[in-house]
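Structure, as structure tokens:
The values are calculated or read from the model by the stated rules, or taken from the named source; none is laboratory data. From a predicted model like this one, the values you see are computed outputs, not experimental measurements. Cβ placement follows ideal geometry from the backbone for every residue including glycine, while neighbour counts extend to all protein chains displayed. Remember, those area values only see protein heavy atoms, side chains included, never the ligands or the DNA or RNA. Shrake-Rupley method; radii C 1.70, N 1.55, O 1.52, S 1.80 Å.
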Amino acid sequence: MRVLELDNNGVATKYELPTSWSEVSLEQYSKLMIALENDSSNEIEAVIKTLEALVGIDVSTLSKVPLKYLKTAYAELSTLTATMPSTELKRIIDVDGTAYGFIPDFDALTFGEFCDLDNYLQDSWSNLDKILAILYRRVIKREGDKYKIEPYSLDNIKERRELFKNNMSIGTIYGSLVFFYTIGSKHITTMLSSLEEENKVLRKRKSIREKELL
């Protein structure tokens, strides 16, 4: 972290600026991607949105800070934004002293996991904590490289989401997001297509049976 002072009407306030992705929480990254999703933002708007998301300075405060200080703050973040987080998939991670494992096999997805992931993908940046709370669950058994995670349940997912939002760094789980969006989401799309085809077949068979009974 790097400490930066911003002058607001003669009052100097210190803020902590992340200098590596390991210092950026899942919640901060989610806010950043939502803020920058609109490509029509001009340079100053991009500066304000980035500072608001990564440093936690609200817009009302930023609007009163002299432009030269905003540019200085944004320049300080260049160390971070000039690089991308690691794309390495970490199948087991430690969060607040507990081991959480990435879904070992997407072919073994339950209907609940499948439906919730498909739903959250419709607005993925806003639902990163929900997606990660499904992808990573507590490890209940481990032997070498093999491990088993707890069954999917809504009982404790809210607590896990809150834990991940504040205690998971994007530097740790960026690789799992890349893996999921390139492999897992395609797998879900394929499953959806397969289910739709099966549904069409069932409707066709039902229609034929109904005609035979007439």
Task: Environment charge at ILE140 (Cβ cut-off 10 Å; Lys +1, Arg +1, Asp -1, Glu -1) - done: +4
TODO: Please find the FRET efficiency linking LYS71 to PHE111, where r is the Cβ-Cβ separation and R0 is fixed at 45 Å, and quote it to the nearest 0.05.
DONE: 0.30
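Which of rounded, prolate or oblate describes the range 54-99 when judged by the alpha-carbon gyration tensor and an a/c cut-off of 1.5?
Cα axes put the range 54-99 in the oblate bin.
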Task: Solvent-accessible area, 1.4 Å probe, carbon plus sulfur percent, for the range 1-154 - done: 48
Task: Modelled label reach - ASP94, point 7 Å along Cα→Cβ, the range 133-163 residues with backbone N closer than 15 Å - done: 139
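Kindly identify the range 103-148 as rounded, prolate or oblate by the Cα gyration tensor criterion: order the square roots of the eigenvalues as a ≥ b ≥ c, call it rounded if a/c is under 1.5, otherwise compare a/b with b/c, prolate if a/b is larger, else oblate. Mind showing how you got there, number by number?
Numbers: a/c = 3.15, a/b = 1.91, b/c = 1.65.
Because a/c hits 1.5 or more and a/b exceeds b/c, the range 103-148 counts as prolate.
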Open item on the list: Please list, ordered by chain and number, the residues whose modelled amide H lies under 5 Å from the amide H of ALA99; skip anything fewer than 5 residues away on the same chain.
Closed with: VAL139
